[in-house]
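Working notes for the structure below.
The values are calculated or read from the model by the stated rules, or taken from the named source; none is laboratory data. Owing to the predicted nature of the structure, the values given are computational and were not obtained by experimental measurement. When we count neighbours, we look across all protein chains shown, and the Cβ atoms used for this are built from the backbone with ideal geometry, even at glycine. Note: areas computed on protein heavy atoms with side chains; ligands, DNA, RNA excluded. Shrake-Rupley method; radii C 1.70, N 1.55, O 1.52, S 1.80 Å.
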Amino acid sequence: MTHTTFSILGDSISTFKGFVPQENELFYPKEGVDVINVEHTWWHQLAKRCNLDLIMNESYSGSRISRTGLRPLSSCFQDEKRQSRLCGDLIIVFGGTNDWGQADLPVTKEVFNQAYEQLVAAMLERHSASKLYFCTPLQRTDRTLEQVNMHNWNQLELAQVVRDCVARHPKANLIDLAAYPIHEGDGMLADNLHPTRQGMKTLSHLIQQGLGL
């Protein structure tokens, strides 16, 4: 079987020390979280199981789809440097939870919608040789699904913006991680947001399913 190559454009959930660009902020490994080896990450498990070669993990902790927040503007998913590093047969885009849920300056639904639309359109044009997969953000348990942020929109709406955006572009593919129910205390998340080892295993299978591999 030939190896399929892939890249990731992600946030903290997809980071691991030594496997992302040096200047990118990290979450994993983190004291108190049982994801202690790279073998525990969703993408390492996926690659091993599906015979995939990871070319670039362009993940940055705290990064957003929109050019907002307190992180450097260069952390934005749309940033030229981040985009220029991506290549491969498949590109998996997994972010958006920070635009909605970060305590510092979350964005309005309209700003997020516009930013996600720009991201999808620009990536389809730029990375036309790759098959692009856009993931709805994983459910988080620090707030209920119906609970709104300071701009009065919730996680259900967050996921729907991504679904609608991807649906408008026939060449974009959706991986609907938000459809998988996660509940506080079920062992999936270490801190109501970042997956545990168990969560990573589930996530790797959900993404495999979404890729049709």
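Values computed for the structure shown
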| quantity | calculated |
| --- | --- |
| Mean accessible surface per residue for the chain, computed with a 1.4 Å probe while every protein chain stays in place, in Å² | 46 |
| In Hz, Karplus ³J(HN,Hα) per residue of the range 170-180 (6.51, -1.76, 1.60; θ = phi - 60°; x = Gly, Pro) | x, 8, 8, 10, 9, 10, 8, 5, 5, 6, 7 |
| Shape category assigned to the chain from the gyration tensor of Cα positions, a/c cut at 1.5 | rounded |
| Under-5 Å amide H pairs with residue 5, H placed in peptide plane, nonlocal only | 53, 89, 90 |
| Nearest-20 debye value, the range 1-116 charge dipole, Cβ charges on Lys, Arg, Asp, Glu | 80 |
| Accessible area of the chain belonging to carbon and sulfur atoms, whole % at 1.4 Å probe | 51 |
| Label-point separation, residue 129 to residue 164 (7 Å along Cα→Cβ), nm | 3.5 |
| Dipole in debye (nearest 20) - the range 29-73, about Cα centre, beta carbon charges: Lys, Arg +1; Asp, Glu -1 | 260 |
| Long-range HN-HN contacts of residue 93 with modeled amide H, under 5 Å | 9, 133, 134, 135 |
| For the range 7-17, 3J(HN,Hα) per residue [Karplus equation, 6.51 cos²θ - 1.76 cosθ + 1.60, θ = phi - 60°, Hz, x = Gly/Pro] | 10, 10, 10, x, 10, 4, 4, 9, 7, 7, 4 |
| Contour minus Cα-Cα distance for residue 3 and residue 184 (0.36 nm per residue) | 61.4 nm |
| Protection-proxy order for peptides 39-45, 27-33, 141-147, each taking the mean of Cβ atoms within 10 Å per residue, highest first | 39-45, 27-33, 141-147 |
| Sequence-distant residues sharing a close amide H with residue 60 (under 5 Å, placed H) | 10, 11, 12 |
| Cβ-defined net charge surrounding residue 169, 11 Å radius [Lys, Arg +1; Asp, Glu -1] | -1 |
| Antiparallel bridge percentage (DSSP; both residues within the chain; nearest 5) | 5 |
| Pairwise centroid distance, computed over Cα atoms, of the range 16-65 with the range 121-155, Å | 19 |
| Listed residues 192, 29, 108: farthest to the positive end of the dipole of the chain (Cβ charges) | 29 |
| Size of electric dipole in the range 38-176: Cβ of Lys, Arg +1 and of Asp, Glu -1, about Cα centre, debye, nearest 20 | 220 |
